[in-house]
Amino acid sequence: MSETAGPNTADPNTAAATAEPPAAADDGSGSTRGATIQLDGLTKRYPGSPNPAVDNVTMEIKAGETVVLVGPSGCGKSTTLKMINRLIEPSSGRIRIGDEDVTDMDPVKLRRQIGYAIQSSGLFPHMTVAENIALVPKMVGWSKSKVKDRVEEMLDLVGLDPREFHDRYPRRLSGGQQQRVGVARALAADPPVLLMDEPFGAVDPITRDHLQDELIRLQHELHKTIVFVTHDFDEAIKLGDRIAVLRERSQIAQFDTPEAILTNPADDFVSGFVGAGAALKRLNLTRVREVEIAEFPTVTVEDPLQSIFNKLSSGPHNELLMLDRKNRPYKWLRRGDLSRAKGSLANAGQLVHDTVTRDATLHDALEAVLTDSGGRVAVTGRRGEYIGVVDMQTLMTSVQEMLEADRLTAFEHQHELAERHGVRGGQEPRSGAGA
Amino acid sequence: MDFWDYLANRHQQLLTDSFQHASAVFQCMVIATVLGVVIGVLTYRSPWGGNLAILSTASILTIPSLAAIGLLIPLVGLGVAPTVIVLTLYGLLPVVRNAVVGLRGVDPDLVDAARGIGMSRTARLLKVELPLAWPPILTGIRVSTQMLMGIAAIAAYASGPGLGNEIFRGIASLGSANAINQVLAGTIGIVVLALLFDAAYVLLGRLTIPRGIRV
């Protein structure tokens with residue numbers, strides 16, 4: 001991980017990750033990357049009901065892409081998902097994963113190649129965390145030592161200390177930790193495809209937010225193909241490279257990038273689902289890593305008082321960020337604080353109470369900036385170490401640029417449509433941002 | 001002769017009877033457990049199948065045990081055979097009922113998860129459903145054993161083994177010197193055995209119920 005602070009153009013929209021992303025030096029060390037998923041005319045009829053639960057869904061999901069199926073409850077999104085690993089057998093239609101038609105494959109074998117995470121975490125209460133994670137690798141016949149290493153690796157990957165959690169039973173984990181283990185179990189045998197059925201639906205909002213960030217980070221490292229079901233549109237925006245908005249019988253109302261859906265909803269159903277405040281939601285689409293992260297003068301707690309004093313009084317800044325021993329943001333120090341602090345800095349300055357990571361959304365960053373009296377927030381790396389600072393001005397500029405770009409794209413899109421459809425002109429041009 | 005003298009005099013006979021009593025109950029319980037769990041596993045998925053299994057094992061239990069043994073004698077003769085058959089049949093109900101209820105009570109989300117990660121039906125049953133249903137099944141086995149302890153005494157009527165022989169002998173010679181002692185020795189012996197078995201089950205529970213679901 002050696003990214004420099006600065007505008008990073010890792011735009012998730014152009015997730016043309018189909019072409020294998022360049023052998024990036026991230027820690028996805030040799031893991032299996034995503035495979036394409038093709039659903040072709042997938043239909044599920046239940047005996048005794050006149051309408052199919054899922055009606056003729058055709059969809060192509062690119063390798064390494066995160067696709068979110070979102071729609072009102074009862075629209076068949078979960079059924080659609082469960083047909084991919086054939087927990088529900090389709091009545092008709094084909095499913096292809098990679099180059100293989102899996103519609104008639106032995107479902108047990110198929111499911112071992114597909115990660116599956118569900119709302120209640122689905123951990124088996126009579127098995128330890130390690131036993132839960134080891135289940136699939138054992139079933140597919142990995143050697144004992146390989147399974148053991150893998151369990152440690154997976155715990156590490158989802159941010160749980162192996163020494164602490166290895167032998168715990170699920171009931172002694174918090175909801176968020178259970179969900180992490182659930183994801184670790186789903187990924188343990190390194191499947192190319194991961195299916196997630198409202199996995200964060202049952203945890204509190206703060207934990208959910210963390211888990212979402214975590215998933216984004218994971219996906220950044222692993223490049224799996226993820227199909228994610230939720231009824232929460234904000235979650236869809238945050239996680240999806242593309243979003244499929246579904247109406248009843250799993251009919252696709254719109255299948256596009258979050259930006260396109262926000263700025264150019266296909267019809268009233270979609271715009272109803274998107275809801276108000278599209279400009280604010282747009283903030284959820286951009287990550288801190290995509291805006292300019294500024295340098296900020298720093299000192300560490302170990303620096304002698306005199307040198308801190310000198311730095312503050314001589315430099316152009318009248319504020320410093322103090323880092324703790326592990327290089328994590330600790331305190332904001334103003335010039336005034338120093339003059340009042342006679343001899344010791346123990347009580348001087350203002351503790352840093354909120355930081356964001358590079359994977360945080362601009363929405364989170366804005367939240368942090370708004371609650372900070374100085375109007376800026378420190379950006380930290382994976383282990384909490386200081387990277388840079390984002391302030392109000394940066395955020396405003398980025399948002400304005402973004403909205404402007406969206407408006408242009410939407411306009412071009414409309415234009416294209418109008419040209420293609422000739423003068424049929426049924427569709428009124430919609431203004432870019434609905435708000 | 002008071003009761004203690006009686007015990008001292010007859011301890012050899014009493015120990016043999018106790019051992020045979022315990023052994024008969026234990027062996028029948030093993031058969032009843034295996035049969036009961038198998039019946040439970042075969043029927044719990046179907047709503048009427050499970051209920052039918054519970055209903056039929058329950059109706060067996062309503063037959064008076066003495067009558068059941070009496071009816072079996074012309075069919076299988078005296079001795080061990082009618083004892084084993086009756087004890088096994090009577091032991092079924094609590095095991096079958098708790099197996100069906102326990103297996104049905106496993107959180108459907110967990111079964112869904114087990115399917116979703118690619119466990120075969122057998123693996124699901126052996127690694128997820130049965131371990132999770134084990135505590136109620138074990139309770140069923142405990143209840144069954146307590147019940148069989150008493151019913152096994154009736155087996156003496158068909159010349160079966162066990163402490164029932166003491167009781168029947170005592171009842172047959174009521175009025176004689178040792179009659180009450182005999183009945184008392186048989187009864188207390190059964191109670192003591194039942195308590196010992198129960199203690200063993202507590203230990204068995206400690207050893208076999210996974211720590212993650214122990215209450």
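Listing for the model above:
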item: B:GLY116 open to solvent by less than 20 Å² (accessible area, probe 1.4 Å), closer than 30 Å to A:LEU110 by Cα and not aromatic (Phe, Trp, Tyr); result: yes
item: Matching residues in the range A:201-233 - criterion: being in a loop (DSSP other than H, G, I, E, B) and charged (D, E, K, R); result: A:ASP204, A:LYS224, A:ASP232
item: Filter result for A:VAL129 (more than 14 Å from every other protein chain (Cβ to nearest Cβ) and touching a Lys or Arg at 6+ places or on another chain (Cβ under 8 Å)); result: no
item: Inter-residue pairs, beta-carbon under 6 Å, first within 14 Å of chain A (Cβ to nearest Cβ) and in the range B:93-110, second in a helix (DSSP H, G or I) and open to solvent by 20 Å² or more (accessible area, probe 1.4 Å), 6+ apart; result: B:GLY102/B:PRO136; B:VAL106/B:LEU132
item: Residues that are over 14 Å from A:LYS82 (Cα atoms), facing chain A (nearest Cβ under 8 Å) and either part of a helix (DSSP H, G or I) or of a type in the set (Lys, Arg) (or both), drawn from the range B:111-125; result: B:ALA123
item: Hey, A:GLU292 in a loop (DSSP other than H, G, I, E, B), open to solvent by 40 Å² or more (accessible area, probe 1.4 Å) and within 30 Å of A:ARG407 (Cβ to Cβ) or not; result: yes
item: Single match in A:LEU338, A:LEU285 (criterion: at pLDDT below 80, more than 36 Å from the chain's Cα centre (by Cα) and surrounded by 18 or more Cβ atoms within 10 Å (Cβ to Cβ)); result: A:LEU338
item: Residue match in the range A:104-121 (condition: touching a helix residue (DSSP H, G or I) at 6+ places or on another chain (Cβ under 8 Å), at pLDDT below 90, away from every other protein chain (no Cβ under 12 Å) and open to solvent by less than 20 Å² (accessible area, probe 1.4 Å)); result: no
item: Near pairs, Cβ below 9 angstrom, 6+ apart or cross-chain, from the range B:182-195 (open to solvent by 20 Å² or more (accessible area, probe 1.4 Å)) to any residue that is of a type in the set (Lys, Arg) and not in a helix (DSSP H, G or I); result: none
item: Residues satisfying the stated conditions in the range A:236-258, i.e. part of a helix (DSSP H, G or I) and surrounded by fewer than 21 Cβ atoms within 10 Å (Cβ to Cβ); result: A:GLU248, A:ARG249
item: The range A:259-282: number of residues that are aromatic (Phe, Trp, Tyr) and surrounded by fewer than 19 Cβ atoms within 10 Å (Cβ to Cβ); result: 1
item: The range A:170-200: number of residues that are outside any strand (DSSP E or B), at negative phi and either free of Cβ contacts under 8 Å to residues at least 24 places away in the same chain or in contact with a Ser or Thr (Cβ under 6 Å, 6 or more places away or on another chain) (or both); result: 7
item: Selection status of A:LEU87, in a loop (DSSP other than H, G, I, E, B) and within 13 Å of another protein chain (Cβ to nearest Cβ); result: yes
item: Matching residues in the range B:113-154 - criterion: being in contact with a Lys or Arg (Cβ under 7 Å, 6 or more places away or on another chain) and over 22 Å from A:SER120 (Cβ atoms); result: B:GLY140
item: A:MET83 vs. criteria among the aliphatic types (A, V, I, L, M) and surrounded by fewer than 22 Cβ atoms within 10 Å (Cβ to Cβ); result: no
item: Selection status of A:GLU100, more than 8 Å from chain B (Cβ to nearest Cβ), within 23 Å of B:ILE209 (Cα to Cα) and among the acidic types (Asp, Glu); result: no
item: Count - residues of the range B:132-149 that are among the hydroxyl-bearing types (Ser, Thr, Tyr) and closer than 18 Å to B:THR62 by Cα; result: 2
item: Identity of the residue in the range A:363-393, open to solvent by 30 Å² or more (accessible area, probe 1.4 Å) and assigned to a helix (DSSP H, G or I), that ends up nearest to A:ASP267 (Cα to Cα); result: A:HIS363
item: Tally of residues being at pLDDT 90 or above and assigned to a loop (DSSP other than H, G, I, E, B) across the range A:65-84; result: 1
item: Restricting the range A:201-212 to residues that are in contact with a helix residue (DSSP H, G or I) (Cβ under 8 Å, 6 or more places away or on another chain) and touching a residue at least 40 places away in the same chain (Cβ under 8 Å), the residue that is surrounded by the fewest Cβ atoms within 10 Å (Cβ to Cβ); result: A:ALA202
item: Subset of the range A:162-173 [away from chain B (no Cβ under 14 Å) and either open to solvent by 60 Å² or more (accessible area, probe 1.4 Å) or at pLDDT 90 or above (or both)]; result: A:ARG163, A:GLU164
item: Test set (1) hydrophobic (A, V, I, L, M, F, W, C); (2) under 18 Å from B:LEU66 (Cα atoms); (3) open to solvent by 30 Å² or more (accessible area, probe 1.4 Å) - B:ILE213 fails condition number; result: (2)
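The values are calculated or read from the model by the stated rules, or taken from the named source; none is laboratory data. Treat the numbers as computed from the prediction; the structure is a model and nothing was measured. Backbone-built Cβ (ideal geometry, glycine too); neighbour counts: all protein chains shown. For the accessible areas, the whole protein counts, side chains as well, though only heavy atoms, and no ligand, DNA or RNA atoms are used. Shrake-Rupley method; radii C 1.70, N 1.55, O 1.52, S 1.80 Å.
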